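What follows is a short report on a single structure.
The values are calculated or read from the model by the stated rules, or taken from the named source; none is laboratory data. Remember, it's a predicted structure, so these values are computed and weren't measured experimentally. We place every Cβ from the backbone using ideal geometry, glycine too, and count neighbours over all the protein chains shown.
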Amino acid sequence: MPESLWKGWALAAGLIYRSSALYELAMLGLYGRHYPSRYRAVAGLIPPRSSVLDLCCGPAVLYRRYLRQKSVEYTGLDISEKFVRDLTRRGVHAEVWDLRQSDPLPPADCVVMQASLYHFLPDPLPVLGRMLAAARKQVIVAEPVRNLSSSKLPLLGPLARRLTDPGVGSQPYRFTEGGLNDLMLSLGTRPPRTRLISGGREKLYVIEKSQAGA
Ligand SMILES: C[S@@+](CC[C@H](N)C(=O)[O-])C[C@H]1O[C@@H](n2cnc3c(N)ncnc32)[C@H](O)[C@@H]1O
C-alpha cells in the first residue's frame with residue numbers, strides 16, 4: 001500500500017468516535033431523515049422520572065436531545081474517555097466503562113443499548129445477561145440490521161469497520177435481522193416486543209422485567 005494511503009488508513013481507526021460532531025455527522029449521513037426517529041423510538045418507551053442506564057452511550061444524544069426534558073435520572077457508560085470527558089463537561093452523568101468486563105452494572109429502571117451490541121459479538125450473551133440483571137423494569141435494545149460494514153463492495157466494509165473501532169480492534173461481525181431475533185429469543189425471557197425503526201435500519205426490542213425471569 002502506498003505510504004499516504006497507509007497513513008490515511010491508520011488515521012481512520014475509530015475516526016467517528018473521536019468527537020461528538022464527527023459522530024453525529026457520520027450518523028446523519030448513514031440514517032439521513034430517519035436519524036431523529038431512532039432516538040425518538042427509544043425515548044418514547046421511557047417513562048418520565050425513570051432512572052436510565054445507557055450502555056455504549058457515545059455522545060449521549062438520546063439523553064441530551066430526547067430524555068433530559070423527561071427529568072430522568074441518567075447514567076451513560078462508554079469505553080471512550082473522550083466521550084465521557086465531554087459529557088462530564090456538559091453536566092451529563094457518564095462513566096468510562098469497558099462493558100466486556102464482567103463487573104455487575106449499576107441498577108436502573110431502564111437499561112438501554114443502542115447501535116452497539118455488535119461490539120460484543122461473537123458472544124453478546126454475557127453483556128445481555130448483565131443488562132437483564134441490572135434492569136428493574138425494562139431492557140431496551142436497538143441494533144442495526146442493515147450495515148455498511150457487511151457490504152460486499154471492495155473497501156466499503158473494511159473502511160466502515162475501521163471507522164467504528166472504539167480502540168480495541170475493528171469488529172468484523174454485524175447482526176442480521178434473523179440472527180438478532182434468534183439471539184433475543186434465546187434469552188429465556190418471554191418473547192420481547194419488537195419492531196423495525198429508523199426506516200428499517202434498526203430493530204428495537206423491549207424486554208419487560210416482569211417477563212424476564214423464565
Ligand atoms: C455506534 S456508537 C453508539 C452510540 C449511541 N448508543 C448512539 O446510538 O448514538 C457505539 C459506542 O459503543 C462504544 N463502545 C464500543 N465498545 C465498547 C465497550 N467494550 N465498552 C463500552 N463502550 C463501548 C463506543 O465507544 C461508541 O461510543
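If I filter segment 143-150 for residues that are of a type in the set (A, V, I, L, M), farther than 24 Å from Pro191 by Cα, at pLDDT 95 or above and surrounded by fewer than 18 Cβ atoms within 10 Å (Cβ to Cβ), do I get at least one hit? Working first, answer last.
Residues of segment 143-150 of a type in the set (A, V, I, L, M): 145, 148.
Restricting the remaining residues to those that are farther than 24 Å from Pro191 by Cα gives 148.
Now restrict to residues that are at pLDDT 95 or above: none.
Within segment 143-150 (the criterion being of a type in the set (A, V, I, L, M), farther than 24 Å from Pro191 by Cα, at pLDDT 95 or above and surrounded by fewer than 18 Cβ atoms within 10 Å (Cβ to Cβ)), the answer is no, since none of the residues qualifies.
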- Selection status of His119, touching a residue at least 60 places away in the same chain (Cβ under 8 Å) and either surrounded by fewer than 23 Cβ atoms within 10 Å (Cβ to Cβ) or under 21 Å from Tyr39 (Cβ atoms) (or both): yes
- Restricting attention to segment 19-39, which residues are surrounded by fewer than 16 Cβ atoms within 10 Å (Cβ to Cβ) and within 10 Å of the ligand (Cβ to nearest atom)? Glu24
- Query: Is it true that some residue in segment 103-111 is modelled with pLDDT of 95 or more, closer than 25 Å to Gly199 by Cα and not basic (Lys, Arg)?
  - Reply: yes
- Of the residues in segment 87-123, those that are in contact with a Phe, Trp or Tyr (Cβ under 8 Å, 6 or more places away or on another chain), of a type in the set (Lys, Arg) and assigned to a helix (DSSP H, G or I) come to none
- Message: Among the residues of segment 40-54, what is the count of those that are surrounded by fewer than 23 Cβ atoms within 10 Å (Cβ to Cβ) and closer than 16 Å to Ala115 by Cβ?
- Response: 4
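Hey, can you tell me all the residues within segment 45-78 that are in a strand (DSSP E or B) and near the ligand (Cβ under 10 Å from one of its atoms)?
Within segment 45-78, the first condition is being in a strand (DSSP E or B), and the residues that meet it are 51-55, 73-78.
Matches in segment 45-78: Asp54, Leu55, Gly76, Leu77, Asp78.
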- Note on the structure: Among the residues of segment 151-164, the number that are touching a helix residue (DSSP H, G or I) at 6+ places or on another chain (Cβ under 8 Å) and either assigned to a loop (DSSP other than H, G, I, E, B) or at pLDDT 95 or above (or both) is 2
